[in-house]
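Undergrad: One structure follows; several queries about it will come next.
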Amino acid sequence: MPLVVAAAAISTLHQSSLGTFFLIAVDKLHSLWYNPLLPLLFWISAIFSGLSIIILEATMTHKWLGQEDESELLETLAKIIPWVIGVYILVKAYALVFLSQGPFFDRPGMLVLFAVEVVIGVFVPFFMFLQRKVRSDNRLRAIAAGLVIFGLVVNRFNVSMYGMIHEGAAYVPSLLETLVTVGIIAAEILFFVLIAKYFPIFEHHPETVDYSLPDKFRKVEKPGSVAVEA
């Protein structure tokens with residue numbers, strides 16, 4: 001439990017501090033993204049994106065790594081996500097209308113990036129998660145979660161790269177920078193797969209009976225009680 005509390009505190013400080021860092025780019029970050037509530041927006045988006053990552057990760061590990069099906073838990077998380085996204089939409093709309101200085105339509109390319117981020121990465125999964133059919137379907141739920149993650153990635157790139165105005169043009173990473181980023185992400189995925197495969201990081205449900213063990217080591221269930229050792 002102390003580790004869980006520490007992880008929540010560190011992630012909260014990290015996301016809000018990251019948003020605070022970009023507040024120094026007063027004349028460099030485009031008005032579509034720059035506003036005083038940037039730290040709060042970073043933090044809220046990290047919450048529903050984190051829940052979406054859990055959904056996508058659990059679905060993939062169940063399908064490709066043979067782990068337990070956590071559909072019941074994931075459906076519960078899918079009920080929470082639209083509420084958090086709704087708060088994010090309200091805060092973002094307030095920041096754009098009342099706190100951003102503009103102009104908003106001076107650069108069509110950035111407007112397109114903003115539309116992709118908000119429409120595909122926020123509104124589409126928001127309405128998808130509102131539907132019970134999507135929340136209860138493994139495939140549709142994973143698609144909605146993937147769209148949320150896509151929107152978060154686009155948002156972070158927009159704030160840190162594409163939305164930065166440099167000598168009249170948006171910053172575009174070089175091929176080498178792109179390859180390094182892709183390599184780091186691929187290494188993280190490989191590391192997770194190896195850890196999940198060779199270390200017991202996933203919970204073993206008590207109702208699971210391993211019939212390869214001797215009787216005295218098997219876990220069985222008594223009527224009206226949880227699983228106990230035989």
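We did not get these values from a lab; they are worked out from the coordinates using the rules stated. Since we're looking at a predicted model, the values are computed, not measured. Glycine also receives a Cβ, built like all others from the backbone with ideal geometry; neighbour counts cover every protein chain displayed.
Undergrad: In region 56-93, which GluC sites (Glu not before Pro) are in a loop and have at most 14 other Cβ atoms within 10 Å, using DSSP for the loop call?
TA: Hits after loop and neighbour filter: 68.
Undergrad: Let me ask you something else. Length gain on complete extension for the stretch residue 143 to residue 53, per 0.36 nm per residue less the alpha carbon to alpha carbon distance?
TA: That pair, residue 143 and residue 53, stretches by 31.3 nm at full extension.
Undergrad: Dividing the Cα convex hull volume of region 125-194 by residue count, how many Å³ per residue is that?
TA: 106 Å³
Undergrad: For residue 29, enumerate residues with amide H under 5 Å from its amide H, sequence gap 5+ or separate chain, H modeled in the peptide plane.
TA: Result for residue 29 returns 165.
Undergrad: Of the chymotrypsin sites (Phe, Trp or Tyr not before Pro) in region 81-127, which ones lie in a loop per DSSP and count no more than 15 other C-beta atoms within 10 Å?
TA: The qualifying sites are 104, 105.
Undergrad: Calculate the spin-label point distance for residue 185 paired with residue 60, positioning each point 7 Å from the Cα along the beta-carbon direction, and give it in nanometres.
TA: 1.0 nm
Undergrad: For region 1-147, what is the Kirkwood estimate of the hydrodynamic radius, computed as the reciprocal of the mean inverse distance between distinct Cα atoms, to one decimal in Å?
TA: 16.7 Å
Undergrad: Still on this structure, I have one more. Among the listed pairs 79/197; 92/133; 28/92, give every one whose C-alpha distance is greater than 21 Å.
TA: 79/197; 92/133
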